[in-house]
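All remarks here apply to the structure that follows.
The values are calculated or read from the model by the stated rules, or taken from the named source; none is laboratory data. Quick caveat, the model's predicted, so the values are computed rather than measured. Every residue, glycine as well, gets a Cβ built from its backbone with ideal geometry; the counts of neighbours run over all protein chains shown.
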């Protein structure tokens, strides 16, 4: 899931003068640097909660602040709107590299097969997935953005923010300072908590075990709420996430945690379906959190709920899907036949780049993962079809169907090559990852149209951005998670996206018989709840929809520790209270403050991980 930043309302959009400098060295270099740095935030957050964030507005604000400061200090040339657009396009492409597999299929592959990728191989693989996404986005740009003129609301939001910044410079600086304040506060708290080894504050209380149950047989008379992961986490990252996703999603997270960990958790422990956490000598760890042992069972209803809900919601976009598939056929490639403007990539240049990217993807699938040439080629071709679908859905609704794309591709390759977990994960990695990234990148293309930028410049900016994201993001992943098999699906790294991809791949590889006892029934319940909630979200009146729990948020709450859900609830609650108490301040600053919390803690977490390696810890 991609979470989008909200824009500040602004004046009508007026394209910038085309004569203004655009594709400058400083625009590309700064965009690559920002893209690499912001990719760390999405990888860190993605491995924590499975969500990524649209970094276009954050990048635009940061670059504006940096170059405004340089101009004031050294008298450098002013940082114009079109340069900023190239910068934020490159940064957005780099930051979105997490969708190329680093927070889902790649760690899932290691957990299932034990295969680990060295840094050069991992960076090359991630780059290849990103390049496929870029070339498909460039190929669809004219049709989707200009001919069909789809709204692409996130792109419009970024364009409006850019215009706001250059119409009211002091307001932009104020927002930059608020973002930096949030980052500094979150970073300082992260350092203090780490250095002082501050523990999570457990929620008091316990649940009695059933007489004659599995827990009573182990000599356990009660299970504490701490055992069930209910605690207050001294962290601002999840509070920031909660502020961005809002009160409804925050309440849904808390509800999901209470139902899964507070109600269902003790039941499955008593029934012997899940095991308590153990100490090193095999005794029940009465003072610990039992996430790692309990998630082996709870992930099944949680994953089923999320998959069913996402596919059901996606099915309601059938009109967009039909227009994407059949509309392109009826038009007969009208956009491709249209005259190529001087500021677009020439057909020859595009064809060479596209052919190189697609061939690289096929070759790497075969060489690195041993995937058959037929499956690999089919996967790349399927990418184009699914990218058309994802782009239209995202263009019309603003929601990129990352989850559904991943599940559709896993199910497809599971049917084509059952039992082959590697093909299920990595061929689907190309198809789902590139299609989702393509849809996200088209929002930046929309921004470019609205501000008068050159499509050719933005295409190259995206290529440079993906390169930076692949190089930095791959290094960050290996530093943060050197041992996925022992580190993921734990208290520290819940990795719900990994849990989803891993569960589907294992289902096709090992069959239903390998699932834990009671998991099939749990899957049925989870799928049913996800199906019903997703339908209610679509068919109820707008006023009533606010009362329906978000199935995606509930599903994620089941597969992450309860303390994450509690923090996100408080973030959503704070957003609600501030929105009513100080609406103008909230409109101006809440989202950038929350983005600062996320960036500050994420980047500090990566720095601390590097420091630990250097210190030999």
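Summary of computed values
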{"item": "Check on residue 272, surrounded by fewer than 19 Cβ atoms within 10 Å (Cβ to Cβ), assigned to a loop (DSSP other than H, G, I, E, B) and in contact with a helix residue (DSSP H, G or I) (Cβ under 7 Å, 6 or more places away or on another chain)", "result": "yes"}
{"item": "Selection count where residues are in contact (Cβ under 8 Å) with a residue 12 or more places away in the chain and over 25 Å from residue 429 (Cβ atoms), scope the stretch 497-518", "result": "3"}
{"item": "Any hit, the stretch 27-39, residues being modelled with pLDDT under 90, within 15 Å of residue 595 (Cα to Cα) and buried (at least 17 other Cβ atoms within 10 Å of the Cβ)", "result": "no"}
{"item": "Where a residue in the stretch 521-547 is touching a residue at least 24 places away in the same chain (Cβ under 8 Å) and its partner, wherever it lies, is assigned to a loop (DSSP other than H, G, I, E, B), with Cβ under 6 Å and at least six apart", "result": "537/548; 538/316"}
{"item": "Elements of type helices (runs of 4 or more DSSP H) in the stretch 529-587, at least 3 residues being surrounded by fewer than 24 Cβ atoms within 10 Å (Cβ to Cβ)", "result": "542-545, 562-581"}
{"item": "Residue match in the stretch 158-171 (condition: in contact with a helix residue (DSSP H, G or I) (Cβ under 9 Å, 6 or more places away or on another chain) and over 18 Å from residue 449 (Cα atoms))", "result": "yes"}
{"item": "Which numbered condition residue 285 fails, given (1) at pLDDT 90 or above; (2) surrounded by fewer than 20 Cβ atoms within 10 Å (Cβ to Cβ); (3) touching a helix residue (DSSP H, G or I) at 6+ places or on another chain (Cβ under 8 Å)", "result": "(3)"}
{"item": "Entirely in the stretch 175-259, the helices (runs of 4 or more DSSP H) that have 1 or more residues that are touching a helix residue (DSSP H, G or I) at 6+ places or on another chain (Cβ under 8 Å), in the same structural domain as residue 587 (by the TED database) and surrounded by fewer than 20 Cβ atoms within 10 Å (Cβ to Cβ)", "result": "214-217, 247-257"}
{"item": "The listed residue being buried (at least 24 other Cβ atoms within 10 Å of the Cβ), at pLDDT below 90 and within 20 Å of residue 457 (Cα to Cα), out of 82, 140, 131", "result": "140"}
{"item": "Qualifying residue in the stretch 458-472 (condition: without any contact (Cβ under 8 Å) to a residue 40 or more places away in the chain and in the same structural domain as residue 99 (by the TED database))", "result": "no"}
{"item": "Residue in the stretch 381-397 that is within 21 Å of residue 508 (Cα to Cα), in the same structural domain as residue 122 (by the TED database) and surrounded by fewer than 24 Cβ atoms within 10 Å (Cβ to Cβ) present", "result": "yes"}
{"item": "Residue 516 touching a helix residue (DSSP H, G or I) at 6+ places or on another chain (Cβ under 6 Å), crowded, with 20+ Cβ neighbours inside 10 Å, on the phi < 0 side of the Ramachandran plot and outside any helix (DSSP H, G or I)", "result": "no"}
{"item": "Test result for residue 498, in a helix (DSSP H, G or I) and touching a strand residue (DSSP E or B) at 6+ places or on another chain (Cβ under 8 Å)", "result": "yes"}
{"item": "The stretch 365-407, residues that are under 19 Å from the mean Cα position of the chain (by Cα), over 25 Å from residue 355 (Cα atoms) and part of a helix (DSSP H, G or I)", "result": "393, 394, 395, 397, 403, 404, 407"}
{"item": "Enumeration of residues in the stretch 408-421 that are within 16 Å of residue 108 (Cα to Cα) and under 22 Å from the mean Cα position of the chain (by Cα)", "result": "409, 410, 411"}
{"item": "Test for residue 296: is it assigned to a helix (DSSP H, G or I) and modelled with pLDDT of 85 or more", "result": "yes"}
{"item": "Some residue of the stretch 311-330 being in contact with a helix residue (DSSP H, G or I) (Cβ under 6 Å, 6 or more places away or on another chain), at pLDDT 85 or above and not in a loop (DSSP other than H, G, I, E, B)", "result": "yes"}
{"item": "Failed criterion for residue 20 (all others in (1) part of a helix (DSSP H, G or I); (2) more than 30 Å from residue 484 (Cβ to Cβ) hold)", "result": "(1)"}
{"item": "Helices (runs of 4 or more DSSP H) (entirely within the stretch 54-172) containing at least 2 residues that are without any contact (Cβ under 8 Å) to a residue 12 or more places away in the chain and farther than 25 Å from residue 472 by Cα", "result": "56-74"}
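The rows are residues; the columns are (1) more than 30 Å from residue 23 (Cα to Cα); (2) modelled with pLDDT of 90 or more.
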| position | (1), (2) |
| --- | --- |
| 459 | no, yes |
| 484 | yes, yes |
| 508 | yes, no |
| 513 | yes, no |
